[in-house]
Amino acid sequence: MTKPDETDVRVEPWYRYLWPWLLISIPALAVIAGGVTLWLAVTSNNALVVDDYYREGRAINRVIARDQEAARLGLSARIDDSSEGLRLELQATDPAPEFPATLRLRLVHPTDAGRDRDVTLRALGPGRYLGAGEHLPRAARWAVIIEEPGLRWRLMTSTEVLAAPIEIKGGTK
């Protein structure tokens, strides 16, 4: 028989208490967050990182000279999206340059290099070009760059949503 001043104390197993679970959850969440961070580091594209900043800085001077050449030639372009593909009309004031047989159209996404597009436009006639089967993306902010194959000049603009037609004038950004 038990004594009357003794009480029957029943001890619950540890996993039935809240405090051990709260203490275990802190390092468990840290491990999960570390795993997510590792997964993001391995799978994401880090194309915005440049290895050689000095070389990139020197290239800026050449790019500025190409923009100035487009302004000197009075180049302007109009890009339209048609059923055949991208149509580009290139115009120039005096002195009128010889229009090349092909042009390069680059659509550059500011944060995701994987979404960048490079389109070769073929001449249909003087100052008229077609990128067959290509169409403008409709969302996000894009830089639109038109380059001559010899890299003597370029036209560039930035647009919020690509809605045809796009007008570009030499010497403006």
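Considering only residues that are among the charged types (D, E, K, R), over 16 Å from the mean Cα position of the chain (by Cα) and modelled with pLDDT under 90, which ones fall in segment 117-146? Spell out how you get there, then give the answer.
Quick first cut of segment 117-146, residues among the charged types (D, E, K, R) only: 117-118, 122, 128, 134, 138, 141.
From the residues that got through so far, the ones that are over 16 Å from the mean Cα position of the chain (by Cα) too are 122, 128, 134.
E134 - this is the single residue of segment 117-146 that is among the charged types (D, E, K, R), over 16 Å from the mean Cα position of the chain (by Cα) and modelled with pLDDT under 90.
Any chance segment 157-164 includes a residue that's small (G, A, S) and at pLDDT 80 or above?
Restricting attention to segment 157-164, the residues satisfying the condition of being small (G, A, S) are 158, 163-164.
Those still in the list that are at pLDDT 80 or above too: 158.
Yes, the conditions are met somewhere in segment 157-164.
Considering only residues that are of a type in the set (G, A, S) and either surrounded by 10 or more Cβ atoms within 10 Å (Cβ to Cβ) or modelled with pLDDT of 95 or more (or both), which ones fall in segment 25-41?
Within segment 25-41, the first condition is being of a type in the set (G, A, S), and the residues that meet it are 25, 28, 30, 33-35, 41.
Passing the criteria: S25, A28, A30, A33, G34, G35.
Determine whether R152 is assigned to a strand (DSSP E or B), at pLDDT 80 or above and surrounded by 10 or more Cβ atoms within 10 Å (Cβ to Cβ). Don't jump to the end; show me each part of the working.
On the way: assigned to a strand (DSSP E or B): no; at pLDDT 80 or above: yes; surrounded by 10 or more Cβ atoms within 10 Å (Cβ to Cβ): yes.
No; evaluated as a whole, the condition is false for this residue.
Residue by residue through segment 84-124, note down the ones that are of a type in the set (S, T, N, Q) and within 16 Å of I166 (Cα to Cα). Give the derivation first.
Restricting attention to segment 84-124, the residues satisfying the condition of being of a type in the set (S, T, N, Q) are 91, 93, 102, 111, 120.
Passing the criteria: only Q91.
Output the residue which, of all residues in segment 125-136 that are of a type outside the set (S, T, Y) and closer than 12 Å to L86 by Cα, is surrounded by the fewest Cβ atoms within 10 Å (Cβ to Cβ).
First pass over segment 125-136, keeping only residues of a type outside the set (S, T, Y): 125-128, 130-136.
Pick out the ones that are also closer than 12 Å to L86 by Cα and you get 128, 130-136.
Numbers: R128: 13, L130: 16, G131: 23, A132: 11, G133: 9, E134: 17, H135: 15, L136: 22.
Taking the candidates together, the pick is G133.
Looking for something farther than 15 Å from L155 by Cα and either buried (at least 16 other Cβ atoms within 10 Å of the Cβ) or not assigned by TED's automatic domain parsing to the domain that holds T157 (or both) - is there at least one such residue anywhere in segment 91-114? Reasoning before the result, please.
Filtering segment 91-114 down to residues farther than 15 Å from L155 by Cα leaves 94-96, 98, 101, 109-114.
Restricting the remaining residues to those that are either buried (at least 16 other Cβ atoms within 10 Å of the Cβ) or not assigned by TED's automatic domain parsing to the domain that holds T157 (or both) gives none.
Looking for residues that are farther than 15 Å from L155 by Cα and either buried (at least 16 other Cβ atoms within 10 Å of the Cβ) or not assigned by TED's automatic domain parsing to the domain that holds T157 (or both), one finds none in segment 91-114, hence no.
Answer yes if at least one residue in segment 42-58 is modelled with pLDDT of 90 or more and part of a loop (DSSP other than H, G, I, E, B), and no otherwise.
No: segment 42-58 contains no residue that is modelled with pLDDT of 90 or more and part of a loop (DSSP other than H, G, I, E, B).
The values are calculated or read from the model by the stated rules, or taken from the named source; none is laboratory data. Bear in mind that the values here come from a model prediction, so they are computed numbers and not experimental data. With ideal geometry, Cβ positions are generated from the backbone for all residues, glycine too; neighbour counts draw on all protein chains shown.
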